[in-house]
Every structure is written in structure tokens, then in C-alpha cells.
């Protein structure tokens, strides 16, 4: 192989929240990138992250082994970011988080891929006893390491950033609702900036950390669910009442909403997840299986949330600090 040809990276699920950040990082480093997604016709925007022909969307479905093999053929590095928050049709937790993850790992090993990075989720080991989602993620990790022992597993906490799913959703709800439910106010969270997660994954792809290990990524702030919601309301400049709702009642309501023909705001399984602390473990800190392993100083919410949560204020960017506009960085 010509040593002057840049290495090829296949990123499964590379058009999503984390993927967009990661593709940009790797493109700037000069890698050739295949963004493997189910609908490449909807992922054309990723091309703009690199030079002409550097970033190419390709079709792949983790439930179809042949498509996975085609997507990673000739790749030096494979990264799997695919995950789902709720089940629908054939897209089940078992099919995607377990079967799909194992398919990618086995195909990567058979193809002679040198590096595999797999994204899981923080706290799945603790939440597996109550959550089907967490149990599937944990089982997926085990399947990946069994098929590809040198894989690097990344477990990020709740992520924040310009296009995140949680903080933007809560901000949008705060803008229209007079009352917001608080399900498990005492549960602890350690939100992590998506840019830090992407940087850690890029470094893992380049061999900067020990392989065959599980890394837990959390930010510098540990806050209860109530404190986190109060922070969101401050950033959004809104003041709906936070009302504690018993988890049993919320699960019942979520189950009823799940009957409706659209993506649910919350599922009974996610209600269970909200009752389990989502923080970096003491073992991971002692063994330096955190952002410290990547030499990354975690970015705090105070630095990032103001750059996009202003959009939920009554007067947008001019409704903060006495009328001074907030300029996103």
C-alpha cells in the first residue's frame, strides 16, 4: 500500500450528533472517511466537513452483515456510533446494540482492521438491572470485546452541545409549558461536552490510549436532576414550575404516550434510567479510564450552554446580561 495515501476510517452512524463532530476532527487530520448510514441520501451534509471526495456517505445497516462488510472493506479504522433511544419495528435494542455491534466487530476483525472504537453509554453496568436499553448496551460491549479484544469502548455521560437532544428538548418544553415534570430529582448526572467526546474518540482511533479497555467520560460538573433542570431554566430564561412526579405514574403515562404514532418524548425504560446515577465510577477514576487518559481537560456547561440555550429566551440572543447578545463560539 502507498504510504502517502491517508488512512481510511469507516464511521457507522457518522451523520449524527457525535458523528458530525468526529468527522470534522478526523477530516482536519487528513483521514479519508466513509460515513456508513442507513440512508446516505439524507447524509449529504457530511461531505462539507472535508475536501472534495474526502468524506463519502455509504449505505450500511447493522442488521445486514453484507452491507457492513462492504462499508468497512479496506478500512484501517472502524468506529461504531450507532445507538437508538427507543425501539420501533425491526430497530430493537437487541438487534442494534447487541447484534449490530457484534456484526461490526466480527466484520472488522475478519477484514484485518487495526483499530475499533465502540461508543456505549455511561452507567450501563449499574442500570442494566432495571433498563432494557442499558442491558442491551452492556451486552453489546461484551459482544464487541469477545469478537475484537483490542477494541476501545467509550462510555459518555449525558452529552451537551449545539444539536444535543436533551438540553434543547428541555429548553423547548420550558418555552411552552407552565409546568414541567421532575421524575427523579435526586439522581446524579455528570454531563459531558460532545466536543470532548469526539476528541477522545479521535485520539482512541489514533492509538493514544490502551486498547481492550472501557473508558468512562464525564464532565467537570456533577449535578442532581433537579439542579440540572434548574440550570436549564436559568439558561432558557424561563420559569415553569418543576413538579415532582412519581416514577410509577410517569411510566404509566409514558406507556400511554407510546401508543401514539410518533416518536415518544419519554419511554417507560427511560423513566427507569432516570432513577440511576449517571456518573463516572470511582474505579474508572482510580484506573485513569476517564478523559484524563486522553489528556483532555473536561469542558464545563457554563462555557457551552450559553452559546445555544439563548434561543429559548423570549428575546433570543438579546435577552441575556442586560441585553448583550450572546455570540456562539
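Quick rundown of the values:
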read-out	value
Hits in segment 269-299 - residues which are assigned to a helix (DSSP H, G or I), closer than 14 Å to residue 124 by Cβ and either at pLDDT 95 or above or within 18 Å of the chain's Cα centre (by Cα) (or both)	269, 270, 273, 284
Residue in segment 262-272 that is closer than 21 Å to residue 231 by Cα, surrounded by fewer than 18 Cβ atoms within 10 Å (Cβ to Cβ) and in contact (Cβ under 8 Å) with a residue 60 or more places away in the chain present	yes
Flag if residue 49 is more than 22 Å from residue 203 (Cα to Cα) and either free of Cβ contacts under 8 Å to residues at least 60 places away in the same chain or surrounded by fewer than 16 Cβ atoms within 10 Å (Cβ to Cβ) (or both)	no
Exclusive hit being in a loop (DSSP other than H, G, I, E, B), modelled with pLDDT under 95 and closer than 18 Å to residue 159 by Cβ, set 266, 259	266
Failed criterion for residue 184 (all others in (1) outside any loop (DSSP other than H, G, I, E, B); (2) farther than 30 Å from residue 29 by Cα; (3) touching a residue at least 60 places away in the same chain (Cβ under 8 Å); (4) touching a helix residue (DSSP H, G or I) at 6+ places or on another chain (Cβ under 9 Å) hold)	(1)
Pair list, Cβ < 8 Å and 6+ apart or interchain, from segment 188-215 residues that are on the phi > 0 side of the Ramachandran plot and modelled with pLDDT of 95 or more to residues that are in a helix (DSSP H, G or I) and surrounded by fewer than 22 Cβ atoms within 10 Å (Cβ to Cβ)	212/145
Check on residue 281, buried (at least 18 other Cβ atoms within 10 Å of the Cβ) and more than 24 Å from residue 163 (Cβ to Cβ)	yes
Scope segment 231-256; condition closer than 24 Å to residue 308 by Cα and assigned to a loop (DSSP other than H, G, I, E, B); matching residues	237, 238, 239, 240
Failed criterion for residue 40 (all others in (1) modelled with pLDDT of 95 or more; (2) within 21 Å of residue 111 (Cβ to Cβ) hold)	(1)
Test: residue in segment 6-29 that is within 22 Å of residue 91 (Cα to Cα), free of Cβ contacts under 8 Å to residues at least 40 places away in the same chain, out of contact with any helix residue (DSSP H, G or I) (no Cβ under 6 Å at 6 or more places or on another chain) and not in a strand (DSSP E or B)	no
Residue list for segment 200-227, filter: closer than 24 Å to residue 188 by Cα and crowded, with 22+ Cβ neighbours inside 10 Å	200, 215, 216, 217, 218, 219
Checklist (1) part of a helix (DSSP H, G or I); (2) over 23 Å from residue 138 (Cβ atoms); (3) more than 19 Å from the chain's Cα centre (by Cα) applied to residue 52, failing item	(1)
Filter result (in a loop (DSSP other than H, G, I, E, B) and more than 15 Å from residue 161 (Cβ to Cβ)) within segment 194-219	206, 207, 208, 209, 210, 211, 212, 213
Test: residue 5 is buried (at least 16 other Cβ atoms within 10 Å of the Cβ), over 30 Å from residue 254 (Cα atoms) and over 19 Å from the mean Cα position of the chain (by Cα)	no
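The values are calculated or read from the model by the stated rules, or taken from the named source; none is laboratory data. None of these values were measured; they are calculated from a predicted model. No Cβ is skipped: glycine too gets one built from the backbone with ideal geometry, and neighbour counts run over all protein chains shown.
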